[in-house]
1. Please verify whether GLN102 is modelled with pLDDT of 90 or more, loosely packed, with under 13 Cβ neighbours inside 10 Å and more than 15 Å from ILE153 (Cα to Cα), treating the condition exactly as stated.
2. Quickly run through the range 67-90 and pick out the residues that are within 28 Å of LYS28 (Cβ to Cβ) and touching a strand residue (DSSP E or B) at 6+ places or on another chain (Cβ under 8 Å).
3. Need pairs with beta-carbon distance below 8 Å; first residue open to solvent by 50 Å² or more (accessible area, probe 1.4 Å) and within the range 173-188, second among the hydrophobic types (A, V, I, L, M, F, W, C); sequence gap 6+ or separate chains.
4. How about the range 177-208: which of its residues are part of a helix (DSSP H, G or I) and among the hydrophobic types (A, V, I, L, M, F, W, C)?
5. Of everything in the range 41-93 that's among the acidic types (Asp, Glu) and under 22 Å from the mean Cα position of the chain (by Cα), which residue is nearest to ASP158 (Cα to Cα)?
6. Quick one: count up the residues across the range 32-54 that are exposed (fewer than 13 other Cβ atoms within 10 Å of the Cβ) and farther than 21 Å from ASN86 by Cα.
7. If you go through the range 65-87, how many residues are closer than 30 Å to LYS176 by Cβ and open to solvent by less than 70 Å² (accessible area, probe 1.4 Å)?
Amino acid sequence: MKKIVTLMLAMLMLVPAYAETRNKDLEKARKKEYKQKLKEYKKAKWEVLGSHTLEVALASHFDRLNQLGPDGHEVEGIASSTKSKNTGKQMAINNAAITYAQEAGSTLQGRVISDINANGADAAGEFENFYAAYERLVEKEIKSELEPSYTIIRSNPDGTFEIRSYFIVAESAAAKARQRALDQALKDSEAAQKYADKISGFVSKGFE
């Protein structure tokens, strides 16, 4: 018994050290990514839409990601061809929410198919409306959790602009947004309600 207690105490002492090492590795990887992004943007003639320089905008972006650690995720929104910078920026915001929602919907659908359907419950057709409703509601809910970081812009040969906006979302907040969307989507789906607890577990896992 004494040996077990000693072993457990030793393991508990290792947890902070492991977490610190993991965070340092993440910070190191993001510093490398910062340099690569900066080089890539300059080569492709991207400029920041706003008052900051490209270097400051990127540095602030990665600093924020480092603050959040594993909880922080980047979300990109794109407007590929727009005549108005303001309209393009809004399009990019909407695109970011749609992209996030589609990824959340696809992840959930994949888990339902591999788990619930694999157990002999063939409810693929009944779930189609549920998936669509869930994606639509995630798109609505996640907008309030997207933290604007920076926007870049460049001119297209035809005189229009290509705009990319970047956001940071905390997974802890995003999980709550997905759960709110799920709660609403379940109300209109009898098929999904049968597996509500299991589906809720899938949603809470995020994109793991």
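1. Working: modelled with pLDDT of 90 or more: yes; loosely packed, with under 13 Cβ neighbours inside 10 Å: no; more than 15 Å from ILE153 (Cα to Cα): yes.
Criteria not met by GLN102.
2. Filtering the range 67-90 for residues within 28 Å of LYS28 (Cβ to Cβ) gives 67-77.
Within the range 67-90, LEU68, ASP71, GLY72, HIS73, GLU74, VAL75, GLU76, GLY77 meet the criteria.
3. From the range 173-188, the pairs are GLN179/VAL203; ARG180/LEU137; GLN184/ALA133; GLN184/LEU137; ASP188/PHE130; ASP188/ALA133.
4. Initial filter on the range 177-208 (part of a helix (DSSP H, G or I)): 177-187, 190-193, 196-204.
If the condition is that a residue be part of a helix (DSSP H, G or I) and among the hydrophobic types (A, V, I, L, M, F, W, C), then ALA177, ALA181, LEU182, ALA185, LEU186, ALA191, ALA192, ALA196, ILE199, PHE202, VAL203 are the ones that fit.
5. First pass over the range 41-93, keeping only residues among the acidic types (Asp, Glu): 47, 55, 63, 71, 74, 76.
Now restrict to residues that are under 22 Å from the mean Cα position of the chain (by Cα): 63, 71, 74, 76.
Working: ASP63: 36, ASP71: 40, GLU74: 30, GLU76: 24 Å.
Per the criteria, the residue is GLU76.
6. Restricting attention to the range 32-54, the residues satisfying the condition of being exposed (fewer than 13 other Cβ atoms within 10 Å of the Cβ) are 32, 35-36, 39-40, 42-45, 51, 53.
Pick out the ones that are also farther than 21 Å from ASN86 by Cα and you get 32, 35-36, 39-40, 42-44.
So the count comes out to 8.
7. So the count comes out to 12.
Per-residue answers, yes or no, for (1) aromatic (Phe, Trp, Tyr); (2) modelled with pLDDT under 95; (3) open to solvent by less than 40 Å² (accessible area, probe 1.4 Å):
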position: TYR131; (1), (2), (3): yes, yes, yes
position: ARG136; (1), (2), (3): no, no, no
position: ILE142; (1), (2), (3): no, no, yes
position: THR160; (1), (2), (3): no, no, yes
position: ILE163; (1), (2), (3): no, no, yes
position: VAL169; (1), (2), (3): no, no, yes
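The values are calculated or read from the model by the stated rules, or taken from the named source; none is laboratory data. Fair warning: this is a prediction, and the values are worked out from it, not measured in the lab. Because the Cβ atoms are built from the backbone with ideal geometry, glycine has one as well, and the counts that use them run over all protein chains shown. Quick note on the areas: whole protein, heavy atoms, side chains included, nothing else; ligands and nucleic acids left out. Shrake-Rupley method; radii C 1.70, N 1.55, O 1.52, S 1.80 Å.
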